[in-house]
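Notes for the one structure printed next.
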């Protein structure tokens, strides 16, 4: 019967392999999300949120309506991204800024799942990598 022994070297190798998997998964996820992002038209939800974001960007005004659309987190996080990018009016806004915040939060969600990797199966991690 084969008996496995875990040594410090095996532990370091496993951590290194986990780190490589994480880096590869993050690279693939970001590549797929940012590929040709400026040439893809905004879909309906993105366009509506962009129009609602316009008043926050240009007039520093946001009115929350709990019945429609998203809460303020998306708009205010996008406002920070716009300020960092030097955008102060609607005409200078681009798809990278609009889509950057949801991409950033999807990456954080993926990293949150990755911290649970010891409790998830390999198939689960692969599915999470592909869909998040």
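Structure notes:
- Scope the range 111-132; condition surrounded by fewer than 16 Cβ atoms within 10 Å (Cβ to Cβ) and either touching a strand residue (DSSP E or B) at 6+ places or on another chain (Cβ under 8 Å) or not in a helix (DSSP H, G or I) (or both); matching residues: 116, 120, 121
- Listed conditions (1) within 30 Å of residue 21 (Cα to Cα); (2) not in a helix (DSSP H, G or I) are all met by residue 61, apart from (1).
- The C-beta contact set for the range 65-80 (first residue on the phi < 0 side of the Ramachandran plot, second residue exposed (fewer than 13 other Cβ atoms within 10 Å of the Cβ), distance under 7 angstrom, 6+ apart or interchain) comprises 71/64; 72/64.
- Residues in the range 82-110 that are without any contact (Cβ under 8 Å) to a residue 60 or more places away in the chain, part of a helix (DSSP H, G or I) and either surrounded by fewer than 16 Cβ atoms within 10 Å (Cβ to Cβ) or touching a strand residue (DSSP E or B) at 6+ places or on another chain (Cβ under 7 Å) (or both): 10 in all.
- Yes/no for residue 48 being in a loop (DSSP other than H, G, I, E, B), within 23 Å of the chain's Cα centre (by Cα) and either surrounded by fewer than 13 Cβ atoms within 10 Å (Cβ to Cβ) or free of Cβ contacts under 8 Å to residues at least 60 places away in the same chain (or both): no
- Residue 71 vs. criteria within 17 Å of residue 105 (Cα to Cα), loosely packed, with under 11 Cβ neighbours inside 10 Å and over 17 Å from the mean Cα position of the chain (by Cα): yes
Quick grid of which residues meet (1) within 16 Å of residue 96 (Cα to Cα); (2) at pLDDT below 60:
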site: 2; (1), (2): no, yes
site: 17; (1), (2): no, no
site: 22; (1), (2): no, no
site: 31; (1), (2): yes, no
site: 36; (1), (2): yes, no
site: 41; (1), (2): yes, no
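- Matching residues, the range 20-42, being under 15 Å from the mean Cα position of the chain (by Cα) and surrounded by 11 or more Cβ atoms within 10 Å (Cβ to Cβ): 22, 25, 26, 28, 29, 30, 33, 34, 37
The values are calculated or read from the model by the stated rules, or taken from the named source; none is laboratory data. Bear in mind the structure is a predicted one, so any value in this text is a computation, not a measurement. Because the Cβ atoms are built from the backbone with ideal geometry, glycine has one as well, and the counts that use them run over all protein chains shown.
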